[in-house]
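Undergrad: A single structure is presented below for examination.
Values quoted throughout were computed directly from the atomic coordinates according to the rules given, and no laboratory measurement underlies them. Remember, it's a predicted structure, so these values are computed and weren't measured experimentally. Neighbour counts run over all protein chains shown; Cβ positions are idealised from the backbone, glycine included.
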Amino acid sequence: MRSAQNEPSADWTEPGVFEVCPGVYRIPLPLPTDGLRAVNTYAIEDGATLVLIDPGWAITAARDLLAKALAVLGCGVGDVSRFLVTHIHRDHYTLAVALRREFGIRVSLGVGEQPSLAILADPDRKPFTDHYAQLFRCGAEPVVQQLRDLPADSHDPTIWEQPDDWLHSSQIPLTARQLRVLPTPGHTRGHVVFVDDAGGLLFAGDHVLPHITPSVGFEVAVDELPLGNYLDSLRLVRSQPDRRLLPAHGPVAPSAHARVDELLDHHAGRLDQIHARVDAGAHTAYEVARALSWTRHRRTFAELDAFNQMLAVTETEAHLGLLASQGRLGRADDDGVRHYTPT
Ligand SMILES: [Zn+2]
């Protein structure tokens with residue numbers, strides 16, 4: 001396992017095998033969407049085998065590139081003993097299932113993903129059904145109309161198989177290091193991160209991302225207070241010793257704490273902005289989302305595509321729900337649509 005490169009300076013999505021520290025490698029794999037562009041798979045040496053964290057999206061390009069990358073490490077896919085997956089989103093989970101079919105590799109996922117997996121695995125479920133219900137409640141019927149006009153999803157619903165084991169708060173001993181499973185619900189209900197305490201590494205999945213704000217409130221079985229959970233999980237990571245940040249999207253960064261502080265600040269500011277929009281007369285998550293700017297490029301809501309409009313609305317709903325639970329806003333349902341009012 002000698003031929004890995006050092007980190008590229010500019011583009012973290014550039015294909016390759018990048019050594020994070022001895023025995024740990026970052027392998028960016030492509031995604032079929034233009035938004036996120038790539039997902040980092042982390043390969044960890046474990047004796048003669050490899051353990052992979054977040055093996056990516058089940059597309060041929062990712063599978064082929066992973067095989068090439070493992071060859072650089074002197075291994076094949078058959079040398080992987082286990083997939084540890086931080087959460088159920090398909091850019092993290094689905095290639096694990098696809099490769100298990102070929103190689104019998106053990107797949108592990110956080111136990112909190114059980115409700116979402118049960119829904120996704122339903123063979124009669126039509127794509128987006130649960131998101132449509134959520135969007136109607138948010139007053140976002142126009143977004144539903146746009147999503148309905150999108151070309152049909154070609155994704156294979158049978159990919160949503162059960163993992164071999166469900167991860168709880170626990171230790172995973174490897175030959176040369178020990179990983180601690182830390183549940184961090186928020187981005188999804190069952191999101192976990194993997195902490196290497198002795199090695200000072202945080203395999204953060206989508207809980208802490210260096211360049212973007214992880215979406216909150218976008219899942220098929222959404223929890224009561226996803227943003228409350230997410231902020232609690234950020235504070236949990238902040239309460240533990242600082243680690244190098246190994247994110248699923250973006251370059252490795254020296255301090256997880258530094259980015260957690262920025263994310264906590266971001267959401268505090270966003271809660272204030274959203275409160276102010278309700279004070280100014282917006283009442284539903286859809287109305288509030290349309291009155292905000294989005295992404296770090298400060299786009300208007302209308303500039304987002306239908307999928308990102310959906311994320312914007314569900315994210316806004318997550319903030320409104322937290323404000324209401326804190327007594328900072330009133331909340332009432334009228335004809336299936338949730339309305340928020342100043343208190
Ligand atoms: Zn992701």
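Undergrad: What number of residues within the stretch 24-37 satisfy the criterion of being within 19 Å of residue 207 (Cα to Cα) and assigned to a strand (DSSP E or B)?
TA: Of the residues in that region, 4 qualify.
Undergrad: Right, here's the next one. Filter the stretch 38-70 down to residues that are closer than 18 Å to residue 250 by Cα, in a loop (DSSP other than H, G, I, E, B) and without any contact (Cβ under 8 Å) to a residue 60 or more places away in the chain, then give me how many there are.
TA: Qualifying residue count for the region: 3.
Undergrad: Sort out which residues of the stretch 281-319 are part of a loop (DSSP other than H, G, I, E, B) and of a type in the set (A, V, I, L, M), and write them in order of number. Even if it seems obvious, please write down each step before you answer.
TA: Narrowing the stretch 281-319 to residues part of a loop (DSSP other than H, G, I, E, B): 281-284, 291-292, 295-298, 304-305.
Scanning the stretch 281-319 gives 282, 291, 292, 304.
Undergrad: Could I ask something else about it? Output the residue which, of all residues in the stretch 73-96 that are among the charged types (D, E, K, R) and under 23 Å from the mean Cα position of the chain (by Cα), is nearest to the ligand (Cβ to nearest atom).
TA: 91
Undergrad: Still on this structure, I have one more. Any chance the stretch 3-13 includes a residue that's in a strand (DSSP E or B), within 16 Å of the ligand (Cβ to nearest atom), under 20 Å from residue 250 (Cβ atoms) and under 22 Å from the mean Cα position of the chain (by Cα)?
TA: No - not one qualifying residue is present in the stretch 3-13.
Undergrad: For residue 130, indicate whether it is touching a residue at least 24 places away in the same chain (Cβ under 8 Å), surrounded by 14 or more Cβ atoms within 10 Å (Cβ to Cβ), under 23 Å from residue 304 (Cβ atoms) and within 16 Å of the ligand (Cβ to nearest atom). Can you show your working first?
TA: Working: touching a residue at least 24 places away in the same chain (Cβ under 8 Å): yes; surrounded by 14 or more Cβ atoms within 10 Å (Cβ to Cβ): yes; under 23 Å from residue 304 (Cβ atoms): yes; within 16 Å of the ligand (Cβ to nearest atom): no.
When the stated conditions are applied, residue 130 does not pass them.
Undergrad: Take the stretch 30-53 and flag every residue that is surrounded by 18 or more Cβ atoms within 10 Å (Cβ to Cβ) and among the hydroxyl-bearing types (Ser, Thr, Tyr).
TA: Within the stretch 30-53, 41, 42 qualify.
Undergrad: Now a separate question. Does at least one position in the stretch 211-225 carry a residue that is assigned to a helix (DSSP H, G or I), surrounded by fewer than 23 Cβ atoms within 10 Å (Cβ to Cβ), more than 15 Å from the ligand (Cβ to nearest atom) and on the phi < 0 side of the Ramachandran plot? Spell out how you get there, then give the answer.
TA: We begin by selecting, within the stretch 211-225, every residue assigned to a helix (DSSP H, G or I); these are none.
Looking through the stretch 211-225, none of the residues is assigned to a helix (DSSP H, G or I), surrounded by fewer than 23 Cβ atoms within 10 Å (Cβ to Cβ), more than 15 Å from the ligand (Cβ to nearest atom) and on the phi < 0 side of the Ramachandran plot.
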